[in-house]
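Heads up, the thing below is written out as structure tokens.
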């Protein structure tokens, strides 16, 4: 077990990570807006949270808003609030995220997805420190520090007229770019070790280190899903490894190391030389780990958000119910021998599909979307397992 080098929850010894930590130290104590860029899964939210926790606002609210998850027609109301009767479903006065975060920090995640009309109002909030609720004409003062993150090139979005130029230049004054995992390969051993210890502790299981040769394989892989993908793979390797340490054979079995990178499935690393039935089954099983991570992410977000509408609460409940129904299907004892493994994987797949169908009350479209498989594949699996 190696020493984990981390600060503010950010793990890494690479120069680029150390520079990010220095940037956090420099901007945290100010109230200046910060734009955090980087591919999906690189850890942009971790950087934003670190800035808040080291700021003078650390004891005030920290609100995360996923702009990509809010319907464009309701985003203005979600952000700035609305007055009772201002539109059909406005049954009562409602605070928006900015008013809820007053005195604290708000992270606008996936800001490139924000509609142009709402961008105008956001620019006013940045420049004047004011918001205007839907249905009102008198602005209100708010004291909120704004952080924004995106996995898109905002300059390109400006050229395409999808993003306002004035807002872009207002946000980009301080920019922190979080690199892909392939650009910080020296951090992979530290991250893998930390995720392994975290998973073992959380499940009260014995720690399984990666062998040196296994680590070498991980460092050679290009990780299209970045840190999120690495975390999920570590959990997967723990489950499928029967030894006391993670062997290269196990890594190679479940991580696609091919010269032709076009063969990678970016949803999760699966070897393409397996038969289609095995690939489909492993994709579904791997989605179990993705769902678990998403539930943890959503719960963390909700813990910091006071003002959450019923839609988000119901969405969380749906996913949580899936996880409650299948929480034991990956018990390590199910993998005692190779003969039993195939059978167990089939049983796990059947149970996962069956319980997800229950959660969504038999809705095939929602079930397929939750499992990230095609509806045609889902129908075939339902027939295969005689699920009614």
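Residue-by-condition table, conditions (1) in a loop (DSSP other than H, G, I, E, B); (2) farther than 13 Å from residue 176 by Cα:
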residue	(1), (2)
19	no, no
27	no, no
36	no, no
40	yes, yes
48	no, no
52	no, yes
55	yes, yes
59	yes, yes
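Please list, ordered by first then second residue, the pairs with beta carbon atoms under 6 Å, 6 or more apart or interchain, first in the range 27-51 and on the phi > 0 side of the Ramachandran plot, second in a loop (DSSP other than H, G, I, E, B).
The qualifying pairs are 38/178; 41/225; 43/178.
From the list 350, 364, which residue is surrounded by 13 or more Cβ atoms within 10 Å (Cβ to Cβ) and touching a residue at least 24 places away in the same chain (Cβ under 8 Å)? Explain how you work it out, then say what you get.
On the way: 364 fails: touching a residue at least 24 places away in the same chain (Cβ under 8 Å).
So the residue among 350, 364 that is surrounded by 13 or more Cβ atoms within 10 Å (Cβ to Cβ) and touching a residue at least 24 places away in the same chain (Cβ under 8 Å) is 350.
What pairs can you find where one residue is in the range 126-153 and without any contact (Cβ under 8 Å) to a residue 24 or more places away in the chain, the other is surrounded by 13 or more Cβ atoms within 10 Å (Cβ to Cβ) and part of a helix (DSSP H, G or I), and their Cβ atoms are less than 7 Å apart, with a gap of 6+ or different chains?
From residues that are without any contact (Cβ under 8 Å) to a residue 24 or more places away in the chain, the pairs are 130/124.
Working only within the range 90-119, note down all residues that are in a loop (DSSP other than H, G, I, E, B) and under 14 Å from residue 76 (Cβ atoms). Working first, answer last.
Restricting attention to the range 90-119, the residues satisfying the condition of being in a loop (DSSP other than H, G, I, E, B) are 90-93, 95-96, 101-104, 110, 114-115.
Hits for the range 90-119 are 90, 95, 96, 114, 115.
Does at least one position in the range 85-104 carry a residue that is buried (at least 20 other Cβ atoms within 10 Å of the Cβ) and closer than 17 Å to residue 168 by Cβ?
Within the range 85-104, not a single residue is buried (at least 20 other Cβ atoms within 10 Å of the Cβ) and closer than 17 Å to residue 168 by Cβ.
Among the numbered criteria (1) more than 26 Å from residue 244 (Cβ to Cβ); (2) in contact (Cβ under 8 Å) with a residue 24 or more places away in the chain, which single criterion is violated by residue 159?
Condition (2) is where residue 159 drops out.
Does residue 22 satisfy being farther than 30 Å from residue 200 by Cβ and out of contact with any helix residue (DSSP H, G or I) (no Cβ under 8 Å at 6 or more places or on another chain)? Steps first, please.
Values: farther than 30 Å from residue 200 by Cβ: yes; out of contact with any helix residue (DSSP H, G or I) (no Cβ under 8 Å at 6 or more places or on another chain): yes.
Answer is yes for this residue.
Going by what's in this entry, would residue 68 be described as within 24 Å of residue 54 (Cβ to Cβ), in contact (Cβ under 8 Å) with a residue 40 or more places away in the chain and surrounded by fewer than 16 Cβ atoms within 10 Å (Cβ to Cβ)?
Working: within 24 Å of residue 54 (Cβ to Cβ): no; in contact (Cβ under 8 Å) with a residue 40 or more places away in the chain: yes; surrounded by fewer than 16 Cβ atoms within 10 Å (Cβ to Cβ): yes.
No; evaluated as a whole, the condition is false for this residue.
Values quoted throughout were computed directly from the atomic coordinates according to the rules given, and no laboratory measurement underlies them. These numbers come from a predicted model, not from an experiment. Counting neighbours? That spans all protein chains shown, and the Cβs are built from the backbone with ideal geometry, glycine included.
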